Structure formats: C-alpha cells, structure tokens
Amino acid sequence: MVYLQKYLEACGCDPDLIQLIRLISRQMEPIRKAFLENQTYEHSINASGELQAALDKWADAHLIKVIGESGYVREIASEEQEDIIRFENARREYSMVMDPLDGSSLISTNLTVGTIVGIFDHGSVLQKGNNLKAAFYTLFGPLTVLVVSVGKGVQSFAWDPETEHYYLLKDSFAIPEGKIYGSGGTRKEWTSTHEKVIEYFDDEGFKVRYSGSFVADCHQLLVYGGIYTYPASKKSPAGKLRLLFEAIPLGYIMSQAGGAVTDGHRDLLDVQPDHIHQRTPIYIGSAGVIRKIEEIFLNQS
C-alpha cells in the first residue's frame, strides 16, 4: 500500500515540506478526538465576525502551537486570528494559511466538517494562489480523509488509526462536468447577474446539493462535478468566503483536478491578497460550468 510520506517523496517534494505536511496531517487525530468535549459555542467572535465553536478555538490553538514549535513555518494566518502570527525562530521560510475547522456550525448535527490548509514558500502568507507549494484539506466523516495536491494532481488518503498512517485512497481526481450545485446567501439579496446564473442551472437540470460545509461541498464536486457558489450579494458585494483561508487552497486543489475557481470575472488563483481576511465572491467546480458562468457575467456587464 502507498502511504502519504512515500507518495510525497515520489513527487520530489522538499524533505522539510514533506515533514510539515505529515506533521499537520497527524494533528487531525487529536482534533477528531477533541470533538467529544468541544460541542458548544463560545460567546466570542472570530476575526471574520462569526460566532466561534469551542472546537474552532481548540483546533486553532492546537495547530498554532504545533506549527510554531516545528521550526518549519515563518508566518501563519488563521481564520480565527485577527493578525498574522510570525515565528522569528523558524529555520525555514514556509508560510501557512488555514481554516482550522471549516463548517463548524455543523458540529452539533454530526455532519461532515474539515480543516483547510495552504502552504507557501518565501515567508509571506500574502501570496497568489498560483504560488502555493501545497494545499490540502481533511474531512472528518465516516473516514478521516486527507485530500492533497503538491502541484501534481490531486490524491486522497485515509487515516488508519491502528497503523497511524495515511494510506492512498484515490490516486487521481479528474472533476467531471456534473450537474449539481449549491448556492450560499439569501435569495432576496442575490444580484441580477447571479439570478441569471441560477436560471442557467435550473434550465440545464442541475440538482441542488448543499450541506453548509464549504470543504464538504467542494469534496463532493471532486467526485461528481458541478458547482458551488457563495456569490456577491446586494448586502455583501465583496462576498462572504475568505480568499486566503478558503478560496485559494480549495481553488488550487480544484484546478489541479481539472476544475476552476472564479469570482465571475477572473481566476481567483491570480488574485494578489491585500490583507489576510479579504473576502471574495466564489464560483468553484467543473471547468465547463465555470466558463459558462464567466460568459454570463461578461454578457451582464
């Protein structure tokens, strides 16, 4: 059986990058165990203005501590933190962006949530998505699944608690041109352009599939194809999802699987972030669907 370290070595990854990915991926087991005692919501608001779950704070603090002690990472930016955290004693210049627990509003319902990570080189977290050295996410479902790209396609691995290894589950994803979609936001706040996009989905017979966990919805797209969107709205023209913590890492993975990510006008992997909590409209999924959406936007401009 192929396990994670052997796969990364075969890809020719830098040895320290391999160890960093392995270190982060192995923290998913303690995070999963922490679910049992962290089911409540805090009275605190995170840097994105959202109510924090207890596990949001636990996972964030745990990952920052482990990564800081590793010496691999110069800067880390987390959805749960207001500012960039800098580790002056780091011996390498990797930087890391993360959503420690995406979809945490679903914890109390026992639906799938996950952790999203992007890794850059050269010490800065404020980089374009195309500069990523690695992006991966973990799904806490019936299996603990790690989906990873180091620029050579997309692979998934399943955690085996007995051997404490991630074993290869699927060696290559190629996102099909599926016909499922999910759209966040409130219908009455949709723009006229987004309404045209939804009309296209309905006319083409797309089916609604939307869990409320961005990472879980994106994983479904890798398997079945289609589209997920959290669009600009009349109330929030900049969108809701974060460019660094959500759009860039998952957009990179989707693109490596043959899909695409856009705000309706441009590839989000080409966008230079201005600040760590920058928001963006997002359409992510099958490449052909994304092309059609961008055509709709162009015709409405």
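The values are calculated or read from the model by the stated rules, or taken from the named source; none is laboratory data. These figures come from a predicted structure and were not determined experimentally. Every residue, glycine among them, receives a Cβ derived from its backbone with ideal geometry; neighbour counts consider all protein chains shown. In case anyone asks, the SASA skips ligands and DNA or RNA and just uses the protein heavy atoms, side chains included. Shrake-Rupley method; radii C 1.70, N 1.55, O 1.52, S 1.80 Å.
Miscellaneous remarks
- Scattering profile of the chain at q = 0.12, 0.13, 0.14 Å⁻¹ [log10 I(q)/I(0), Debye over alpha-carbon scatterers]: -0.74, -0.88, -1.03
- The range 56-140: antiparallel DSSP beta bridges as a percent of all, rounded to 5: 75
- When shorter helices are ignored and each DSSP H run of at least 4 residues is given -39500 (n - 2.57), the per-residue value for the chain at 222 nm works out to -9000 deg cm²/dmol.
- Length-normalised contact order for the chain - Cα pairs under 8 Å, 6+ apart - percent: 16
- Span per principal axis, largest first, for the Cα atoms of the range 92-148 (Å): 40, 20, 19
- Computed over the range 171-292, the P(r) tail beyond 17 angstrom holds 51 percent of alpha carbon pairs.
- Across q = 0.23 Å⁻¹, the range 219-286 modelled as identical point scatterers on its alpha-carbon atoms has Debye log10 I(q)/I(0) values of -0.95, in the order of the q list.
- Of the cross-linked pairs Lys133/Lys179; Lys128/Lys234; Lys128/Lys170; Lys33/Lys57; Lys6/Lys152, those separated by over 21 Å at the C-alpha level are Lys133/Lys179; Lys128/Lys234; Lys128/Lys170.
- Normalised by residue number, the volume inside the convex hull of the Cα atoms of the range 123-176 is 124 Å³ per residue.
- Residues of the range 130-285: accessible area per residue with a 1.4 Å probe, Å²: 40
- Peptides 80-92, 140-152 ranked from most to least packed, by the mean per-residue count of other Cβ atoms within 10 Å: 140-152, 80-92.
- The accessible surface of the chain, taken with every protein chain in place and a 1.4 Å probe, is 48 percent carbon and sulfur.
- Given a 1.4 Å probe and the protein chains as shown, Tyr94 ends up with an accessible area of around 10 Å².
- Under 5 Å, built H, 5+ apart or other chain: amide partners of Val271: Gly129
- Considering all C-alpha pairs of the range 59-216, those separated by over 23 Å amount to 52%.
- The charge dipole of the chain, taken about the Cα centre with unit charges on the Cβ atoms of Lys, Arg (+1) and Asp, Glu (-1), comes to about 300 debye, rounded to the nearest 20.
- For the range 168-214, the normalised intensity computed at q = 0.13, 0.28, 0.30 Å⁻¹ comes to -0.42, -1.14, -1.18 (log10 of I(q)/I(0), Debye sum over alpha carbons, equal scatterers, no solvent).
- Gaussian network model of the chain, springs between alpha carbon atoms under 10 Å - residue of Gly239, Gly185, Gly205 with greatest fluctuation: Gly205
- Net charge of the neighbourhood of Tyr283, taken over other residues with C-beta under 9 Å away and scored Lys/Arg +1, Asp/Glu -1, is -2.
- Compactness of the range 206-253, expressed as Rg and Dmax over alpha-carbon positions, Å: 11.5, 33
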